[in-house]
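To start, the structure under review is shown below, and the notes come after it.
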Amino acid sequence: GYRNLKRIGMNMIFVVTPLYALPVAAIYLALWMRVSAMRAATGVSFGDGGNAALLQRIRQHGNCAEWMSFVLILMMLAEGLGAPAIWLHVSGVLLLIGRIAHPFGLKADTAGHPLRYVGNGSNILAALTAMVYISIHIIGQ
């Protein structure tokens, strides 16, 4: 059943995924502003200009864009298939934890920073949670 969706005509309204999309989008915009501010300060309009600090900010922002898009799409698919809210909340909380932790752990001089592992690990688990629900739904049909 489609317990998590409200139907209005032929339109489905997602109710859980947006709860996580909004704060993750705010994190994305904050990371973008950090890149833009450093570009303005350094005069580098394209690439990183060999500036390690700018490259770090670019990758913090890029990693957020990559993971948030991937996980939010999976969450939308799961919600559209009628995933129980708990599955979506697990994925969403893990995504949010990952997006908060990862920028603090992505350091040029510390490849094994614990917050980098927390960021990537929680986002892998977020994706897998949604993927498991989608798989269960497909197999159960």
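The values are calculated or read from the model by the stated rules, or taken from the named source; none is laboratory data. What you see is a predicted model, and the numbers here were worked out from it, not measured in a lab. Note that we place each Cβ from the backbone using ideal geometry, even for glycine, and neighbour counts take in every protein chain shown. Areas reflect the complete protein model, heavy atoms only, side chains present, ligands, DNA and RNA absent. Shrake-Rupley method; radii C 1.70, N 1.55, O 1.52, S 1.80 Å.
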- Provide a single number: the residues in segment 35-58 that are assigned to a helix (DSSP H, G or I), surrounded by fewer than 18 Cβ atoms within 10 Å (Cβ to Cβ) and polar (S, T, N, Q). 2
- Could you run through segment 16-52 and say how many residues are more than 12 Å from the chain's Cα centre (by Cα) and touching a residue at least 24 places away in the same chain (Cβ under 8 Å)? 7
- Query: Taking segment 113-130 on its own, how many of its residues are within 14 Å of Glu66 (Cβ to Cβ) and either open to solvent by less than 60 Å² (accessible area, probe 1.4 Å) or outside any helix (DSSP H, G or I) (or both)?
  - Reply: 5
- Flagged in segment 59-88 as without any contact (Cβ under 8 Å) to a residue 40 or more places away in the chain and either in contact with a strand residue (DSSP E or B) (Cβ under 9 Å, 6 or more places away or on another chain) or open to solvent by 40 Å² or more (accessible area, probe 1.4 Å) (or both), in numbering order, are Glu66, Ser69, Ile73, Ile86
